[in-house]
Amino acid sequence: MKHIDEYRRPDSIKGLVAKINEISTKPATIMEVCGTHTVSISKNGLRQLLPRTISLISGPGCPVCVTGGSDIDTAIAYAQQKDVILATFGDMMKVPGSYQSLGDAKASGADVQVVYSTLDALDLAVKNPDKKVIFYGVGFETTAPTVALSILEAKRRGLKNYFVYSVHKVVPPAVAALISLGELKLDGFLCPGHVSAIIGSRPYEFIARDHGIPCVIAGFEPADILMAIYLIVKQVEESSPKVEIAYGRGVKEEGSQRALEVMDKVFETAPGDWRGIGVIDGTALAIRGEYGDFDITKVMSVEVPEAREIKGCECGEILRGVKLPFECKLFGKACTPRNPVGPCMVSSEGSCAAYYRYEGMGILNDG
Ligand code: SF4
């Protein structure tokens, strides 16, 4: 456990912990809906600073983890086609589909190339005019605007060999679906900072209004997260659920108009397949018909094998918050960051990887 003096702003950490302890009388289960929060909470030992009445659990906030197995199988099927280069961010390479990962497919001869931005993918298309370059668009509202811009740029340049396989997802309706499953009694949501910088705070209002659950948007420093937890606990104690921004330096109520406009120009909502939750209407971003020439699903059809679950992996339960990582029988034994079985251990933002690396669970299970 970290000593309070080891934090970057120890006085604010001490002050916030004292304030939370002072007002907290009711039990509260708070879900963070952002993989970066999951990592920051574990890495900075924030659970240990809080009163026992407060539980922090992770939700479907890691975009790599929530990408459905069938979406990965489809990306692999595209990568295996002749004259195709599948361009992807590196974090998708080791994520298991039903039968293999993109990394496995590459080892077997598929042309899968890791890129660091959509501009790299556009460059690949320019340099390989005889190939179809497909960018695998995975992520939330944070990444969707840059992918939309890449499509607009490809159109502007007249590129005929740049395509996107979009499995982007949007966060607020997925939170609604999670609530409607009724598996958990949630007392608050720690809402994502990066996603909210794009969408603003308004899309969460229905959660407080219709479901009576406090929502606070948080930054990523330990003090930011503790401040958001303090505000949630205060709302719980006062029975006054609302949406608050505790990350004013990054998030405005109305979000980023420019990013929203670009996203809306290129994408429309569609059903999205969430690992562990299933298909939820209105949670994916599909490319609008007007930009269909850049939508690989409109241009090329592939045969995709029937999807199947990863045996023994409980990522679905973990992403829904109904289980903690160490409750999976494979955690720290068959499944470690070095030999990951499921996406929550593969991704650096996955809960299993965060618990293993930072919460002493690796030592516990390796011993
Ligand atoms: Fe899946 Fe591994 Fe996490 Fe178990 S420990 S839920 S197998 S990722």
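Given H placed 1.01 Å from N in the peptide plane, which residues other than close sequence neighbours of residue 288 have an amide H under 5 Å from its amide H?
Close amide H contacts, sequence-distant or interchain: 267, 268.
Percent relative contact order of the chain, based on C-alpha pairs within less than 8 angstrom and at least six residues apart? If you can, show how the numbers build up before the last one.
Details: 716 pairs, mean separation 78.2, N = 367.
Dividing the mean separation by the residue count of the chain yields 21 percent.
Show me 137-147, 199-209, 33-43 ranked by packing, highest mean number of other Cβ atoms within 10 Å first. All intermediate terms of the calculation are to be shown ahead of the outcome.
Working: 137-147: 22.6, 199-209: 19.1, 33-43: 24.2.
Final packing ranking: 33-43, 137-147, 199-209.
So what is log10(I(q)/I(0)) for region 100-257 at q = 0.20 1/Å, when the Debye sum runs over its Cα atoms only?
-1.15
Check the straight Cα-Cα distances from residue 127 and name the lysines below 25 Å, setting aside those fewer than 8 residues away within the same chain.
Answer for residue 127, where 25 Å is the Cα cut-off: 82, 106, 155, 160, 298, listed by chain and number.
Dipole of region 1-160, Cα-centred, from +1 at each Lys and Arg C-beta and -1 at each Asp and Glu C-beta, to the nearest 20 debye?
I would put it at about 280 debye.
Report Rg(Cα)/(2.2 N^0.38 Å) for region 140-210, keeping two decimals. Display every interim value, and only then the final one.
Values: Rg = 16.4 Å, N = 71, 2.2 N^0.38 = 11.1 Å.
Taking N as the residue count of region 140-210, the ratio is 1.48.
I'd like the projected area of region 228-317, averaged over all directions, using the convex hull of its alpha carbons. Report it in nm² with one decimal. Walk me through the numbers before you get to the answer.
Details: hull surface 40.6 nm².
About 10.2 nm², averaged over all directions.
For region 257-350, calculate the relative contact order in percent as a whole number, restricting contacts to Cα pairs under 8 Å that are 6 or more residues apart. Provide the component values of the computation, followed by the final result.
Working: 85 pairs, mean separation 17.0, N = 94.
Value for region 257-350: 18 percent.
Taking θ = phi - 60°, what integer Hz values does the Karplus form 6.51 cos²θ - 1.76 cosθ + 1.60 yield along region 275-284, in sequence order, with x for Gly and Pro?
Once θ is set to phi - 60°, the couplings for region 275-284 become 4, x, 10, x, 7, 10, 4, x, 10, 10 Hz.
I need the phi-derived Karplus couplings for region 240-248: 6.51 cos²θ - 1.76 cosθ + 1.60, θ = phi - 60°, integer Hz, Gly and Pro marked x.
Along region 240-248, the couplings run 10, x, 7, 9, 10, 10, 9, 9, x Hz.
Mind checking which of 181, 99, 352 is farthest towards the positive end of the chain's charge dipole, using Cβ charges of +1 (Lys, Arg) and -1 (Asp, Glu) about the Cα centre?
Checked the options; the winner is 352.
Residue 290 label point, 7 Å along Cα→Cβ, cut-off 18 Å on backbone N: hits in region 164-199?
Label zone hits: 164.
Please work out the FRET efficiency for the pair residue 322 and residue 210, using the Cβ-Cβ distance as r and a Förster radius of 35 Å; give the result to the nearest 0.05.
Working: r = 22 Å, r/R0 = 0.63.
In this case the efficiency is close to 0.95.
So if I restrict to the alpha-carbon atoms in region 75-164, what is the Rg, and what is Dmax, the biggest pairwise distance, in Å?
12.6, 38
Assuming a ≥ b ≥ c are the square roots of the Cα gyration tensor eigenvalues, decide whether region 189-263 counts as rounded (a/c under 1.5), prolate (otherwise, with a/b larger than b/c) or oblate. Each step should come with its number before you reach the end.
Numbers: a/c = 2.96, a/b = 1.39, b/c = 2.12.
Here region 189-263 falls in the oblate category.
Using per-residue counts of other Cβ atoms within 10 Å, averaged over each peptide, order 166-174, 123-131 from highest down. Walk me through the numbers before you get to the answer.
Values: 166-174: 24.0, 123-131: 14.0.
Top to bottom by mean Cβ count within 10 Å: 166-174, 123-131.
Distances over 25 Å make up what percent of all Cα-Cα pairs in region 28-178?
Across region 28-178, Cα pairs with separations above 25 Å total 39 percent.
Search the structure for amide H atoms under 5 Å from the amide H of residue 132, placed 1.01 Å from N in the peptide plane, and list their residues when 5 or more places away or on another chain.
84, 85
Among the lysines, which have Cα under 27 Å from the Cα of residue 185 when same-chain residues fewer than 8 positions away are ignored?
19, 26, 43, 169, 234, 242, 323, 329
For the chain, compute Rg over Rh where Rg is the Cα radius of gyration and Rh is the Kirkwood radius from the inverse mean 1/r over Cα pairs. Write down the numbers at each step before the final one.
Details: Rg = 20.8 Å, Rh = 21.2 Å.
When Rh is taken as the Kirkwood radius, the ratio is 0.98.
Read-outs: derived from the displayed coordinates by stated rules, not from any lab. The structure displayed is predicted, hence computed values, not measured ones. Note: ideal-geometry Cβ built from the backbone for every residue, glycine included; neighbour counts use all protein chains shown.
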